[in-house]
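All remarks here apply to the structure that follows.
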Amino acid sequence: MDTPLVEALDQELDALRAAGTYKRFNTLTSPQGPVVQMEGRGEVLVLSSNNYLGLAAHPDVVRAGIEGLERYGAGTASVRFICGTFEPHLTLERELAELVGTEASLTYVSCWNANEAVIPSLTTPETVILSDELNHASIIDAIRLSKPKRKVLYKHSDMDGLRAGLESCEPGQRKLVVTDGVFSMEGDLARLPEIVELAREHGAIVIVDDSHGTGVMGETGRGVAEHCGVLGEVDVITSTLGKALGGAAGGFVASSEEVCDILAQRSRPQLFSNGLPPTVACSALEAVRVLRREPERVARLRETSDWFRSALHERGFNPLDGEGAIIPIILGETAFAIRFSERLLEEHVFVTGFGFPVVPEGTARVRVQMSVALEREHLETALEAFERVGRELGLL
Ligand code: PLP
């Protein structure tokens, strides 16, 4: 079709291709795992998925999803308050709350939706929202939807900036401090003990998006709050079921009974959109139970991540420091990061390159992500490919 819109979009797409920043989707023909079958590439090592605990194709998780589908069908064909809630959704919400250390939780079809539900629902016309400048896009969009009285964007993890923002608020004004738990593009952690203390001093509410921390951080995978020793002290936690907890899709808000009840009454993604498919509710529930049964997965993930970070250093790379399973290597220009990841893929190693606008201009990177499913020999093979590509492209 040759309409003015199509012509304009064609030009935009051509510009992306010319800049080397056009994203191609790779087609997988096998389940997610340490090694996948990729169309046109054959067998590929995966170092770019959020399958942190290796549960995406775990037999118990798969079986639970199948049983959920067989027992409950595809879904209720409507939103929960109109057509009802399946029992496993309630069990999942109870067990998610227990996992992250809150009274209650409420699920959504994604963490994107969870953020867009809770931040606007807790924002009154008088509210000030204080947000870390590197927060995830879903938080940024949720704040835009919230229409607070004022936004304070503080520099990344700058506690003086946060304190100054809190001090600039009027007495009695509602204040929401919103932060990623693990910053998805940097891999570093929010300074949660200080954030919680500052919030307490100023009567502010803390909202942590722990999408990359749930199942990953803390001794038993209960998240960044467990890791930082503030379990039960964060007012609101949002997280995803689309990463460590099975990896299908879905998200949740965990908080007090009252917050979850208000969200059930008022949040638009809950009132006007269907709930999780039973397949996903049942497989995510089983993923939570596997995590509880096998907390050693979390320790192994940490060991693997530490080992790979050091091994990259030994081979001359300079990954960002961190305690989690996200290991970014900053490369500079977007086109170079994409070239680097394409060359790695030609070597059968899948590591995604990220550039502007996902990360600031000039800080494009490849982001390595660890999974307990990766064995030492997978990692050695990947390191050899990194070294070959690094030398070829003049990085080493
Ligand atoms: N929050 C953070 C920090 C994320 O990294 C992501 C996913 O990339 C999301 C939210 C969105 O999660 P979901 O895929 O469940 O919408």
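Any read-out appearing in this document is the output of simple, stated calculations on the displayed coordinates, not a laboratory observation. Worth saying up front: this structure is predicted, and the values here are computed from it rather than measured. So basically every Cβ, Gly included, is an ideal-geometry build from the backbone, and we count neighbours across all protein chains shown.
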For residue 147, the lysines lying under 25 Å Cα to Cα, once residues fewer than eight places off in the same chain are dropped, come out as 155, 175
When the Karplus curve 6.51 cos²θ - 1.76 cosθ + 1.60 is applied with θ = phi - 60°, which whole-Hz ³J(HN,Hα) does each residue of segment 303-319 get, with x for Gly and Pro?
4, 4, 5, 4, 4, 5, 4, 5, 5, 5, 4, 4, 8, x, 8, 10, x
Distance in nm between pseudo-label sites at residue 296 and residue 346 (7 Å out along the Cβ direction from Cα):
4.2
Proximal lysines to residue 23, defined as alpha-carbon separation beneath 26 angstrom and excluding residues fewer than eight positions away on the same chain:
243
Distance in nm between label sites at residue 12 and residue 303, each 7 Å beyond Cα in the beta-carbon direction?
4.8
Take the alpha carbon atoms of segment 221-280, find their center, do the same for segment 312-382, and report the distance between the two centers in whole angstrom.
29
Here segment 166-176 yields Karplus 3J(HN,Hα) values (6.51, -1.76, 1.60; θ = phi - 60°; whole Hz; Gly and Pro given as x) of 5, 5, 7, 7, 7, x, x, 6, 6, 10, 10
Taking 41 Å as R0, compute the FRET efficiency from the Cβ-Cβ separation of residue 103 and residue 315 and round it to 0.05.
0.30
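How big is the Rg/Rh ratio for segment 1-127, C-alpha atoms only, Rh by Kirkwood, two decimals?
Details: Rg = 21.1 Å, Rh = 19.6 Å.
Computed over Cα atoms, the ratio is 1.08.
If exposed chymotrypsin sites (Phe, Trp or Tyr not before Pro) are those in a DSSP loop with at most 10 other Cβ within 10 Å, what is the longest stretch of the chain that has none?
Working: sites that count: 25, 272.
Between exposed loop sites, the widest span is 26-271.
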Where a label projected 7 Å from the Cα of residue 66 along Cα→Cβ would reach, residues of segment 239-276 with amide N under 20 Å:
246-249
Given a Förster distance of 22 Å, report the FRET efficiency between residue 124 and residue 261 from their Cβ-Cβ distance, rounded to the nearest 0.05.
0.80
Within segment 228-255, find all residues whose amide N lies under 20 Å from a label point positioned 7 Å from the Cα of residue 27 along Cα-to-beta-carbon.
none
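Given 20 °C and 1.002 mPa s, compute D for segment 115-199 with the Stokes-Einstein relation, Rh being the Kirkwood radius over Cα pairs; round to the nearest whole µm²/s.
Details: Rh = 12.9 Å.
In µm²/s, the coefficient is 166.
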Could you run the Debye sum over the Cα atoms of the chain, one equal point scatterer each and no solvent, and tell me log10 of I(q)/I(0) at q = 0.09, 0.12, 0.14 Å⁻¹, two decimals?
-0.56, -1.00, -1.30
For the chain, what is the mean residue ellipticity at 222 nm derived from helices alone (per DSSP H run of n ≥ 4: -39500 (n - 2.57); sum divided by total residues; nearest 500 deg cm²/dmol)?
-13500 deg cm²/dmol
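Let me check I've understood the local charge: for residue 43, count other residues with C-beta under 15 angstrom from its C-beta, Lys and Arg +1, Asp and Glu -1. What total comes out?
Numbers: positive: 41; negative: 39, 346, 347, 375, 377.
Residues close to residue 43 contribute a combined charge of -4.
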Would you pull out the residues with amide H under 5 Å of residue 206's amide H, same chain only if 5 or more places away, H placed 1.01 Å from N?
177, 235, 236
Segment 43-76 to segment 147-216: how many Å between their Cα centroids?
33
Using a basic spin-label model with each label point 7 Å from the Cα along Cα→Cβ, how many nm lie between residue 201 and residue 274?
4.9
Please list 3J(HN,Hα) in residue order for segment 180-192, calculated via the Karplus relation 6.51 cos²θ - 1.76 cosθ + 1.60 where θ = phi - 60°; whole Hz, with x for glycine and proline.
5, x, 10, 6, 5, 9, 9, x, 8, 9, 5, 7, 5
Gaussian network model of the chain, springs between alpha carbon atoms under 10 Å - residue of 80, 293, 343 with greatest fluctuation:
293
Taking amide H positions as placed in the peptide plane 1.01 Å from N, state which residues far from residue 109 in sequence (5 or more) or on other chains have amide H under 5 Å from it.
251
